[in-house]
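Every number in this text was worked out from the coordinates using simple rules, so none of it is lab data. The shown structure was predicted, so the numbers you read here are calculated from the model rather than taken from an experiment. Here Cβ is always computed from backbone atoms with ideal geometry, including for glycine, and neighbour counts include all displayed protein chains.
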Amino acid sequence: MEVKQFSSIFENGVTTYCPGCEHGLLLKFIGMALDELGITEKAIMVGSVGCSTLAYKFLNVDYVQAPHGRAPAVMSAIKLLEKDKVVFAIQGDGDALSIGIAELMHAANRGIPLTIFMYNNMVFGMTGGQMAPTTPEGMKTTTTPFGRDVKQMGPPIDACKVLSAFPQISYLKRVVITPKPIYTKDRVMYSSKEAMDSYKAVLNAFKTQLMGGFSFVEFIGTCNVNWKMTILDSKKYVHDVGVKVYPPGLCRDVYGVDKK
Amino acid sequence: MKRLIMGAKAIAEAAVRSGLEAYFGYPITPSSEIMENISVLYGEGKYPWFKVFLQSASEIESVNMLFGAGAAGYVSMTATSGPGLSLMAEGISYAYASEAPFLIIDVNRGGPGLGNVAPEQSDVSFVLNSLGHGGVKPIVLAPHTVQESMEHVHKGFELAFAYRTPVILLTDALIVHMYDTVEWDPPYVVKPKVDWAARGRNYGQRHIINSIYLDPPELKANKERLLQKQKEIEKIAESECFMCDEEMDVLYIAIGISARISKEAVLRLRNEGVKAGLFRPITLSPLDKDGLLKYSSRAKKIVSVEMNEGQLAQEITRIVRRDVEVLPYLGGYIPDVEEVAETWR
């Protein structure tokens, strides 16, 4: 594969995310997509609160730090006033689906051309691994030490199902960003399919915004530190359990960007 | 030309004519008329600079939309009341820390809790003592007539951009709902250059509107910078002293509609030969401390006339360091001229 220059990624290129976390990968894909589409100079990133907050250090674009969960509201105002700019956010599952679900749903319902990337690691990562609305049944977290009880807490919230209800969303997709471990006789290798799919989703989400639509992509990823697993086990968990709770797929593509 | 106009309509007109570019709001009594009037002016489409009018889904959304508009360097405004302002406190704190300008009209109603929709001045302590977490001091303006409300909207935009800070226009249900004569045409606000605004890099430097400083030295430096700006803002402190003499029997202190009513009481006492005066902060934050100390030292007695339990008196006492009598009106009652005058008789 051809090696590209990422003008929208800082020169040192190294992120401070935990080893094994796919946040850095997502940022790299966003940077690559901004470059490929030539929209770095007119991109405005709105920060959320969580591990995604750190994104501003690694993407060389304009930046506004929103309060926890409120990124869609901040983005809406910026986009309405700066129509020819590209406005995007990276939100966590806690940020988007717990404290910020109202802002997300209303922004989605209005269908303002925005792009939201949601990194779903099924816990609150930054605060130390507490239960999130997306935590699968039975998963042990620091606030559900005996596993998530769905009788009390309800089942995990499926962002794509929730957002499917809004007719003005143009692009809605869930992908797995975690590379799938492939066990060979003497070692473990990782599949590159997930990375390719994720990059394509990022690219198509931006394309949708440029065409005038609201786009939302959910990335299923790991948080091995807070899941208290090894990096390999966490990647295995995503592909064994994660994809069953959150099956990847295209929920909506009004402009047909995925087919092209 | 003098004309008769409702407070809410006057505020809406002043805002749009002063260069309002974006309005985001959520209905709440007694402020909704401002939003309704603005929606008409937006719909008429006579003002090319007025780009966006949007009814948000909550005050939380409103304030974050204001934050977004401010971060992008646009003149934006909302109108709300106490319960809405509580919800906005988080966003105001972020905007204050990351220096995003906007104007919030807080039309005070009876509180706490759901309270009622009658006029009170019960948000005074809230806006003066950190409006949001972490130590937040927005500029607070307190008009006492409809005409002054218009002037303050204009001034609010100017100050918000001059100092890159949220500005609160503190008013009450009575001023916003009354019909009053005004004689003022707001000039269009010439917005200062917004080269700091997040509107895309455009082959230049990044613009970062941020309030996160993870390293203590960085956060300390940012706080010190904000405090330094506070000192600069002190210079805009403004007050009015009505019928103030070299020596006074009684000095009333009041803001908003209480001040307007107290002026009448001062005139009645003057007719009776009592040397009465009224000190009225025009900017509630920053408070004109020098003026307050000067005039209060000339008075035998200080009476704070308030439509709350004495929130302004608390501020005043802290500065003048002597007894301040409070004449409180609670639950939506408005001051009575005779009762105000009676505090001296």
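Using only the Cα atoms of the range A:1-132, build the gyration tensor, take square roots of its eigenvalues as a ≥ b ≥ c, and label the shape rounded, prolate or oblate: rounded if a/c is under 1.5, else prolate if a/b is larger than b/c, else oblate.
Note, shape of the range A:1-132 comes out oblate.
Using alpha carbons only, the radius of gyration of the range B:149-236 set against its Kirkwood radius gives Rg/Rh = 1.08. Phi angles across the range A:64-81 convert, under the Karplus curve 6.51 cos²θ - 1.76 cosθ + 1.60 with θ = phi - 60°, into 3J(HN,Hα) values of 10, 8, 8, x, 4, x, 9, 3, x, 5, 4, 4, 4, 5, 5, 5, 5, 8 Hz, Gly and Pro given as x.
Considering only beta bridges that DSSP places wholly inside chain A, some 25 percent are antiparallel.
What shape does the range B:83-177 have by the C-alpha gyration tensor, where a ≥ b ≥ c are the square roots of the eigenvalues, rounded means a/c under 1.5, and otherwise prolate means a/b greater than b/c and oblate the rest?
oblate
Think of chain B as having a plus end and a minus end, set by charges on the Cβ of Lys, Arg, Asp and Glu; of B:219, B:200, B:85, B:200 sits farthest toward the positive end of this dipole. Given +1 at the Cβ of Lys and Arg, -1 at the Cβ of Asp and Glu and no other charges, the dipole of the protein assembly as shown around its Cα centre is 2040 debye to the nearest 20. The Cα-based radius of gyration of the range B:1-104, divided by its Kirkwood radius, gives an Rg/Rh of 0.97. The residues neighbouring residue A:134, those whose beta-carbon lies less than 13 Å from its own, together hold a net charge of -2 under the Lys/Arg +1, Asp/Glu -1 convention. Placing R0 at 35 angstrom, the Cβ-Cβ distance between residue A:190 and residue A:161 gives a FRET efficiency of 0.75 after rounding to 0.05. Backbone phi angles across the range B:255-271, fed through the Karplus curve with coefficients 6.51, -1.76 and 1.60 (θ = phi - 60°), yield HN-Hα couplings of 10, x, 5, 4, 5, 5, 6, 5, 4, 5, 5, 4, 4, 5, 5, 4, 4 Hz in residue order; Gly and Pro are listed as x. Dipole orientation for the range B:1-90: of the candidates B:23, B:11, B:34, B:11 has the Cα lying most toward the positive pole (charges on Cβ; Lys, Arg +1; Asp, Glu -1).
The long axis of helix B:7-17 is offset from the longest Cα principal axis of chain B by roughly 40 degrees.
Just how many % of Cα pairs in chain B lie over 37 Å apart, if you round to the nearest whole percent? Distances greater than 37 Å cover 18 percent of the Cα pairs.
Centroid-to-centroid, using Cα positions, the range A:117-181 and the range A:216-233 are 11 Å apart. In this entry, chain A is assigned a mean projected area of 13.8 nm², taken as a quarter of its C-alpha convex hull surface. At the listed q of 0.06, 0.08, 0.09 Å⁻¹, the Debye profile of the protein assembly as shown, built from one uniform point per Cα, gives log10 I(q)/I(0) equal to -0.37, -0.62, -0.75. Note: relative contact order over the range A:202-260, using C-alpha pairs below 8 Å and six or more positions apart, is 35 percent. With 19 Å as the limit, the listed pairs B:51/B:191; A:79/B:155; B:137/B:191; A:85/B:51; A:42/B:191 have A:79/B:155; B:137/B:191; A:42/B:191 beyond it between alpha carbons. What does DSSP give for the protein assembly as shown in terms of the percent of beta bridges that are antiparallel, rounded to the nearest 5? Among the beta bridges of the protein assembly as shown, antiparallel pairing accounts for roughly 25 percent. The mean count of C-beta atoms from other chains within 10 Å of the C-beta of residues in B:201-212, rounded to a whole number, is 5. Whole-Hz Karplus values for the range B:84-95 come out as x, 5, 4, 5, 7, 4, 4, x, 5, 4, 5, 5 Hz, taken residue by residue from phi with 6.51 cos²θ - 1.76 cosθ + 1.60 and θ = phi - 60°; glycine and proline positions read x.
What percentage of all Cα-Cα pairs in the range B:222-345 are separated by more than 24 Å? Everything past 24 Å amounts to 26 percent.
As a calculated quantity, the FRET efficiency between residue A:244 and residue B:193 at R0 = 56 Å, using C-beta atoms, amounts to about 0.55. Relative contact order of the range A:70-225, taken over Cα pairs closer than 8 Å and 6 or more residues apart, is 25 percent. A Cβ-based charge dipole, computed about the Cα centre of the range B:63-215 with Lys and Arg at +1 and Asp and Glu at -1, lands at about 700 debye.
Count charges around residue B:111 for me, please; just the other residues with Cβ under 9 Å from its Cβ, Lys/Arg as +1, Asp/Glu as -1. Can you show the working numbers first?
On the way: positive: B:109; negative: B:120, B:123.
Local charge sum for residue B:111: -1.
One decimal place: the segment residue B:185-residue B:215 gains 5.9 nm when fully extended, by the rule 0.36 nm per residue minus the C-alpha distance.
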